[in-house]
1. On alpha carbon coordinates alone, what is the Rg over Rh value for the range 60-107, Rh being the Kirkwood radius?
2. Excluding same-chain residues fewer than 8 positions from Lys91, which aspartates and glutamates have a Cα within less than 17 Å of its Cα?
3. What whole-number volume per residue, in cubic angstrom, does the convex hull of the C-alpha atoms of the range 44-123 give?
4. So what are the ³J(HN,Hα) numbers for the range 106-115, from phi and the Karplus equation (6.51, -1.76, 1.60; θ = phi - 60°), rounded to whole Hz, Gly and Pro as x?
5. From the backbone phi of the range 91-99, what are the Karplus-calculated ³J(HN,Hα) couplings (6.51 cos²θ - 1.76 cosθ + 1.60, θ = phi - 60°) in whole Hz, Gly and Pro given as x?
6. What number comes out for the charge environment of Gln123, summing +1 per Lys or Arg and -1 per Asp or Glu over other residues with Cβ under 15 Å away?
Amino acid sequence: MTTATPLRSALAAALGLGLFVAAAPVQATGNFDGKWSVVIVTEKGDCDRAYRYPIAIRGQSLVNAGDTSFDISGKVGGDGAVAVKISYGDKHASGSGRLNGTSGEGRWSGGACAGPWTAERRQ
């Protein structure tokens, strides 16, 4: 069993909403603002098996809504298309997928690790 490191946890969690750079501006078709709970699962590599992490969306931007310090950049399009890049020290990962009104899913990868992510909107 692998011990979680802050880097692996932050990368995997953020990739959970692993999630986002859409080129299109936000359109009236979707409002994704608010808190989201993201679960990432490692299917490839020696990263920990799964993480749950809070992410906030404000306008088109993704924001770290947790206590772990990492850099996240990404966008959510009006149609729910998401793309994200995350870094913690010298480690980097990226992810993409799609959100709807209450949930989302996609894929993430970073270093030798990769897998799916799912998201649920929180109240």
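Coordinate-derived values only; no laboratory data. Note that the structure is a prediction, hence the values are computed from the model and not measured. When we count neighbours, we look across all protein chains shown, and the Cβ atoms used for this are built from the backbone with ideal geometry, even at glycine.
1. Rounded to two decimals, Rg over Rh is 0.99.
2. Counting by Cα, and skipping residues close in sequence, Lys91 has these aspartates and glutamates nearby: Asp46, Asp48, Asp71.
3. Here the figure is 93 Å³ per residue.
4. x, 10, 9, 7, x, x, 8, 10, 6, x
5. These are the phi-based 3J(HN,Hα) values: 9, 9, 8, 9, x, 8, x, 8, 9 Hz.
6. Counting the neighbours of Gln123, the net charge comes to +1.
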